[in-house]
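Participant: Once you've had a glance at the structure underneath, I'll fire off some questions.
The values are calculated or read from the model by the stated rules, or taken from the named source; none is laboratory data. Just so we're clear, the structure is a prediction, and the values are computed from it rather than from any experiment. Here the Cβ positions follow ideal geometry from the backbone for every residue, glycine too, while neighbour counts run over all protein chains shown.
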Amino acid sequence: LHPYRHILGLWQPDIGPYGGLLNVVVDGLFIIGWMYLPPHDPRVEDPMRRRPLFRIHLLDCKKATVECMYGHRGPHKGDIQTVKKDEFSTKCNQTDYHRMPGGRQEEFRTWLEEEWGRTLEEIFHEHMQELILMKFIYTSQYDNCLTYRRIYLPPTMPSDLLKPGLFKGTYGSHGLEIVMLSFHGTSARATKLTGDPNVPAGQLTLDVDLSQPVTLPELEQQRKIEELSRIVMRIHDEVQREAEQQASGASATARCAAEGACGGSSGAEAAEGDQDAASDSCQSGPAGSSHSTDPLPFVLPLGVMARNEVYPRSCRKCFYGTGLIAGHGFTSPERTPGLFVLFDEDRFGFIWLELKSFSLYSRLTDHLDHAHAPSMERFEAMLRNMQSWTS
């Protein structure tokens, strides 16, 4: 099987805004490509589901045979082609195996049962029905002829707030999506591995400022969305102001350098002064381990929609952050302020203030081999590439 050893590990399929997560593993005499699917909405803490998309095995004469596993009629002829380093494509040579006797209607009903665990009649929300039908039409046209790009799990550092990795999260009408949590100095970032027509796969869904901890008020005050908004928006305005000051300081430095008229204290020193003042005003620096504080009582504000009403009633830490929102087709994207809530080592949440919505994230516990990034530099380059794939 050695000609195909380079495809072991984690991959993201190019399926427009929807993305995905493929894990290629050795299983006995086979190499199998498993597509990992989130549990049915809204059961975010259920285990992931797996579906085989292709397998490779050796026949006589040491010849490796590729089989497509898509559909419900068993394995059939397929092909795999290496496009370039860290990229490969699959092709089905017998797409008639993907068809069902009842035509597109039966294919849609079967897909809906697998994807959502229910029938269209059980989904009362009209907008949700439209999103589901749109996804079926878009994804089924590929017939398992897909291009995959390699992705890595984030490196782990002792200073990380919690162990980085993959999480399932609730995204309203779009259902459950998979994100990758990673740490970058004073930032925690969640990048979408699966996406939707509003915010596609590869985009930075959450950006959390770990230098801006938030102290929650008493439980009764937590129920008031106005109180939470006041606390978060005060930090948001301060962060925006500091960013503008740093930007103006940087432009002044550039202007000064261009004119060759810098004397005495430079613009760069002034900008550093702004940064020092900003860091002095923070309650604390980057929070280390999530074990450092006792659990605090937590409740969602009244009027904030939670996809899953069963959420933790205590948390360890909270931080200011922003979430990415956009119109259909990723139009007019903008970062909107919110509250990142760390519940424990395996769960966190985000309150989207503008949307009055709550996302709950739960860790993927599946064992994933051949997936760790060779270095932080390679991992960050991968994140940049992922954003460009769908921008």
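Participant: From the list Thr90, Thr147, which one is within 30 Å of Gly172 (Cα to Cα) and polar (S, T, N, Q)?
Facilitator: Thr147
Participant: For the list (1) in a loop (DSSP other than H, G, I, E, B); (2) surrounded by 16 or more Cβ atoms within 10 Å (Cβ to Cβ), I need the number of the one condition that Gly303 fails.
Facilitator: Failing condition for Gly303: (2).
Participant: Additional query: Please go through the stretch 357-391 and pick out each residue that is hydroxyl-bearing (Ser, Thr, Tyr) and in a loop (DSSP other than H, G, I, E, B).
Facilitator: Thr365, Ser375, Ser391
Participant: On the basis of being over 19 Å from Tyr152 (Cβ atoms), within 22 Å of the chain's Cα centre (by Cα), β-branched (Val, Ile, Thr) and outside the structural domain of Ala373 (by TED's automatic domain parsing), does Val44 make the cut?
Facilitator: When the stated conditions are applied, Val44 passes them.
Participant: So, one more: For Thr156, only one of the following conditions fails: (1) at positive phi; (2) surrounded by fewer than 18 Cβ atoms within 10 Å (Cβ to Cβ). What is its number?
Facilitator: (1) is the only condition that Thr156 fails.
Participant: Select from the stretch 305-330 the residues that are of a type in the set (Val, Ile, Thr) and either under 22 Å from Pro39 (Cβ atoms) or modelled with pLDDT under 95 (or both) and list them in ascending order. It would help to see each step written out before you state the result.
Facilitator: First, pick out the residues of the stretch 305-330 that are of a type in the set (Val, Ile, Thr): 310, 322, 325.
Of everything in the stretch 305-330, just one residue is of a type in the set (Val, Ile, Thr) and either under 22 Å from Pro39 (Cβ atoms) or modelled with pLDDT under 95 (or both), namely Val310.
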